[in-house]
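See below for the structure under consideration.
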Amino acid sequence: MVGLLCRTWPGWRRLGAVQLQAWGQLFDATGSMPVQERHLLICGPEPAADWQCLQNLLASESVVGLCRPEEEAMLQAALRPGWRHQGLRAERLCHGDTRPILPGESGAAVVVGSGGSQGQRRWCFQPLNHLQRAARALVGWPAEVPGSGGRTFPLSLAGLANPLPLHHISGLMPPLRSQVLGIPHRFLPRCQWRDRKQRPPLQGWGLFLVPTQLQWLMGQAGGVDWLQQPSCCWVGGAPLAPALRQQARRAGLNLSPCYGSTETGAMVTALEPHQFLAGVESCGLPLSHVTLRTAPAHDSPGVLEIRTPVLTPGFLVHGRLLPLPLENGWWRTMDRVRLGRHGLQVLGRLDGAINSGGETVFPETIEAELVGLDGLEAVLVVGVEDVHWGQRLVGLYRGTVSVAMLRTAVARRPPAERPKQWLHCPRLTPNAQGKWERRRWQVWAERTCSRAM
C-alpha cells in the first residue's frame, strides 16, 4: 500500500499500514477502553488517490468520514475526527474523539452523507464488513448468466467504470464490488467522462450512472455511441423520467435501473438489461441479501420496508451514534412503491407530498408527465403556503418551453394537481447525486412569489 503522509516537526514523514494499524489497537490510560481513530477525508478531483488513502486508513480499523470540501465543517461537527486528510496531506485536529462508535466494536467503517434530497443532511455510519457483504450480493447477478471457473459474474463483465464521487455511497461501492468480483475498476473523473476525446472504450464493461449524467451524455456528440458499449449500465440515485427511458430503449442501451440508499449500502434491487429493453418498468427484483415488503403509512398503502443485514447501525450526531429506527428488524423508508412480478416500482416520496385543497398530491407524478416536452430542460413542482389551498402548487421550470404549453400538458389532471403558477428558474438543477433538494427550491419559490405580490 502507498503510505500516508502525516505532519510532524520539522516536516512530514511517511506512515505505513503497520503503524496505522497500531493506532487502532491503543487503549486509554485505564486499559479498559479501546481507542479507535477517526479520520476526515476530503475528496478532491483525483478519486483514485483518495481511494488509496481510504484503503490505508481502513486497514488500521479506523472510522473514515468522506465528504466534498464544502461539507467539511458539517462532517467534522458530526464525526469529531482526530485527523483531517486532503490529498496526501494529513493534519492532526484538536479535541478529536477516539471512542469506538459501536460499543465494544472497533472495526473499520466509513461515514457518508445521506438525505440530501430533503435538505436535511445526515451522516450515515457503515461498517466496512456491511459494505463488503453488500458488494458480494452482486456476484451471480443475474443468476442465469454463468461465468468462467464455475463462478458466476454479472454478465461476464470485463471491468467496472465509475464516474460517481467517492464521497457518495454509489461511488464508494464500485471499487469494493470490483475487488469481490476479481475484475478491474476504473475511476472516471468528471473532466474525463465529459470530454469526448478522453472517454475510454468500455466494450463489455459495467458502468454506474445517475440519471442526470445519463441525460447529459445522451445529449452530447458521441455520448450515445459511448453508452452503447457497456454490457450493463446501472442507473440509480433518482427515478428515470419516462421520456429518458424511452430514449434509452430506442438507442438500445443496456440500462439496469436500480434502487438503493446510503442506509442499505447502496443497491438492493436491479433490473436486468434485457428486461429493460423489453419495456419492463421497474427497478428489478431484490438482490440475494435483501427482503422487501410494503406497509400502509401516511395515507399511502404501499410504503417500502426493507430488511437486510447490511442496514446502517445509525447516524452520527455530535460524535455519537443515533440508531436507525427499526421495527422487528424492518426499516421503513419514505418511498411509495409497488411490488410486482418484475420487482420494485417507485412511485414517489412521502416526505415530498403536498397537501393542496385537502388532497394529497405527489409532485413526482406531475413532473414525470411533463418531462420530454419540447424546450423543457428541467421541471419541479413544489408547495407554497396558501390561505385558501393550504399549499398552492407552483411549477418551476428551466428551458424555452412556454407556460401555455406547460398548462396544456397538465390540463387533464385533477384541479388539485394543476400548478397555479409557473416560475421560470434558469438555475434549476438537481444536486451532485442527481436528487432534487425540494426544500431548497420550495424556499426559492416562496421568496419569489412574495416579491411578486
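The values are calculated or read from the model by the stated rules, or taken from the named source; none is laboratory data. These numbers were taken from a predicted model, which means no experiment stands behind them. Positions of Cβ are backbone-derived with ideal geometry, glycine not excepted, and every protein chain shown enters the neighbour counts. Surface areas here come from the heavy atoms of the whole protein model, side chains and all, with no ligands, DNA or RNA. Shrake-Rupley method; radii C 1.70, N 1.55, O 1.52, S 1.80 Å.
Here are the numbers:
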item	result
The chain: C-alpha pair distances exceeding 43 Å, %	16 percent
Added length on full extension, which subtracts the Cα-Cα distance from 0.36 nm per residue, residue 203 to residue 220	4.2 nm
C-alpha center-to-center spacing [region 179-210, region 251-270] in angstrom	17 Å
Separation in nanometres of the label points that stand 7 Å from Cα toward Cβ, at residue 374 and residue 449	3.1 nm
Estimated [θ] at 222 nm from DSSP helical runs (n ≥ 4, -39500 (n - 2.57)) normalised by residues in the chain, nearest 500	-7000 deg cm²/dmol
Accessible area per residue in Å² at 1.4 Å probe, computed on region 233-380	42 Å²
Three-way shape label, region 361-424, alpha-carbon gyration tensor, a/c 1.5	prolate
Spread of Cα-to-Cα distances over 10 Å intervals beginning at zero, given as percent, for region 275-335	18, 37, 31, 11, 2
Local net charge near residue 381, Cβ-Cβ under 12 Å (Lys/Arg +1, Asp/Glu -1)	+1
Virtual spin-label span in nm between residue 327 and residue 77, 7 Å along Cα→Cβ	3.2 nm
Amide hydrogen neighbours beyond the local backbone of residue 266, cut-off 5 Å, H modeled	261
Amide H within-cut-off set for residue 377, under 5 Å, with H built and near neighbours excluded	398, 399, 400, 401
Extension reserve of the residue 55-residue 35 stretch, reckoned as 0.36 nm per residue once the Cα distance is removed	5.3 nm
Charge tally in the Cβ shell below 14 Å around residue 430, where Lys, Arg are +1 and Asp, Glu are -1, residue 430 excluded	+3
Charge tally in the Cβ shell below 15 Å around residue 251, where Lys, Arg are +1 and Asp, Glu are -1, residue 251 excluded	+2
Ranked packing of 275-285, 167-177, most packed first, by mean Cβ within 10 Å	167-177, 275-285
